[in-house]
Amino acid sequence: MAMTLEEAEALDARDPLRDFATEFDLPEGVIYLDGNSLGPPPRRALVKIHRCVDDEWREGLIRSWNDAGWIDLPQRAGAKIARLIGAAPDEVLVCDSVSVNLFKLAAALLKRRKGQSLAVEADEFPTDQHVAEGLTRLIDAPLLRLAAGERPPTGVGVLIKSHVHYKTAEIVDMDAEEEAARASGVDIIWDLSHSAGLVGVDVGKARARFAVGCGYKFLNGGPGAPAFVYVARAEADALLQPLSGWMGHAAPFAFRGDYEPAAGVLRFASGTPPILSMTALDAALDLFDGVDIRLVEKKARALGSLFLRQTESLGLLPLASPARRGGHVCLKSDNGYAVMQALIARGVIGDFRAPNLMRFGFSPLYLSYADVWRAAAILSDILFTDEWKKPVYERRGKVT
Ligand SMILES: Cc1ncc(COP(=O)(O)O)c(C=O)c1O
């Protein structure tokens, strides 16, 4: 049965995370259900970027590599992410994009697995599949596409796998997958893009050794924020990644021609870090100081459940109903693109995933139960009044 607005507001009054909303700079009148794609700006990140530009870049100039500590920013930000995924502070590095980090990590792992396959699920996020395809083509290694949830057969050396699926939002049991992988000698590279900052991840407890993830979704690092790479300490020094640039060298400022990898995960660095965007991410990460991620995960699920409950009677089928759901839900509709455009015009911002999915993300640090209630009411109104049928909502931009 649907909830009343008063009931939703009562949930807000009891919400231990309710005060975090003031940390974000969201436009008036917008209910933002796309933090699973691009997180909104935390106020502290906006302040820090300006300071970085004005004081560190304009005044400090090149001195800021030392004076403002730019040179160690990839590790400092990495240590903040490590806390969120159960890694040790020196096991995570912020660098490059998820795609590039997948490439480096999968290449380093396949190198010690001569003749074995790289496996990826056929409904995995496209870039994970594309990188796997490009890498195996380059090094002439076999590529295996698995069905959703299928365990890798004999002969697979490395598996790329999302922890939270980008469409179904299903949370995979990392402990169980790692145990099975250990038994069959497979290295799993976890894609934590939809997990970091939203669901409880404990790579240490699961004995997971390799992961990558995104900085611009639930970590709110800004558009195109750099990604992260996690490599367990016991593994890092045995791995050689192919984009062996000077920032991953043991002594970059010795300017030697021969490559000597830095110790630990730092060897996964390649070129000069993008300081402005990394600064935004680094400041955004401070928001998570002292936050209990289990509360965040619980609220994300509760917000998603409320949305499903409020929209149940609208005839839009949820894509899936996983037992453990991450931060978004997808509703199927053949008119999904136009309906989403109509929603956006009314200030409810979600996204559309071809061919027929409307995706709504529930980022718990700035969304209230009342927001979700209102978003569902607006969706219902758009469907009942046929507002979505206006031709203007059929027009497609490059990004959906
Ligand atoms: C699961 C997953 N992996 C990777 C990416 C994107 O990776 P990149 O940072 O290379 O753009 C996304 C983007 O939405 C994603 O959802």
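The values are calculated or read from the model by the stated rules, or taken from the named source; none is laboratory data. This is a predicted model, so every value here is computed, not measured. Here Cβ is always computed from backbone atoms with ideal geometry, including for glycine, and neighbour counts include all displayed protein chains.
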request  = Would you point out the residue of region 6-38, among those that are part of a helix (DSSP H, G or I) and of a type outside the set (A, V, I, L, M, F, W, C), that is nearest to the chain's Cα centre (by Cα)?
outcome  = Glu23
ask   = Looking at Gly204, is it away from the ligand (no atom under 16 Å from the Cβ) and either modelled with pLDDT under 95 or over 15 Å from the mean Cα position of the chain (by Cα) (or both)?
value = yes
query = Could you give every pair whose Cβ atoms fall below 8 Å, whose first residue belongs to region 116-145 and is more than 11 Å from Leu159 (Cβ to Cβ), and whose second residue is acidic (Asp, Glu), counting only separations of at least 6 or pairs across chains?
reply = Phe125/Asp191; Leu143/Glu133; Arg145/Glu121
inquiry  = If I filter region 167-194 down to residues being part of a loop (DSSP other than H, G, I, E, B) and farther than 23 Å from Ala107 by Cβ, which single residue comes out as farthest from the ligand (Cβ to nearest atom)?
reply    = Asp173
task = Check whether at least one residue in region 314-331 is in a helix (DSSP H, G or I), at pLDDT below 95, over 18 Å from the mean Cα position of the chain (by Cα) and surrounded by fewer than 20 Cβ atoms within 10 Å (Cβ to Cβ), and report yes or no.
result = yes
inquiry  = Take residues that are assigned by TED's automatic domain parsing to the domain that holds Lys167, surrounded by 14 or more Cβ atoms within 10 Å (Cβ to Cβ) and among the small types (Gly, Ala, Ser) and tell me which of the strands (runs of 3 or more DSSP E) falling wholly in region 41-157 contain 1 or more.
reply    = 117-121
key: Long-range neighbours under 8 Å by Cβ, at least six apart or interchain, first residue in contact (Cβ under 8 Å) with a residue 60 or more places away in the chain within region 95-109, second of a type in the set (Asp, Glu) and more than 10 Å from the ligand (Cβ to nearest atom)   = Leu109/Asp187
query = What are the residues in region 377-388 that are surrounded by fewer than 24 Cβ atoms within 10 Å (Cβ to Cβ) and under 16 Å from Phe307 (Cα atoms), if any?
reply = Ala377, Ile378, Ser380, Asp381, Ile382, Leu383
remark   = Given (1) more than 12 Å from the ligand (Cβ to nearest atom); (2) more than 30 Å from Leu276 (Cβ to Cβ); (3) modelled with pLDDT of 95 or more, Ala107 misses just (2)
task = Using the structure shown, decide if Asp371 is among the acidic types (Asp, Glu) and at pLDDT 95 or above.
result = yes
message = Going by what's in this entry, would Val199 be described as at pLDDT 95 or above, closer than 23 Å to Asp292 by Cα and away from the ligand (no atom under 16 Å from the Cβ)?
response = no
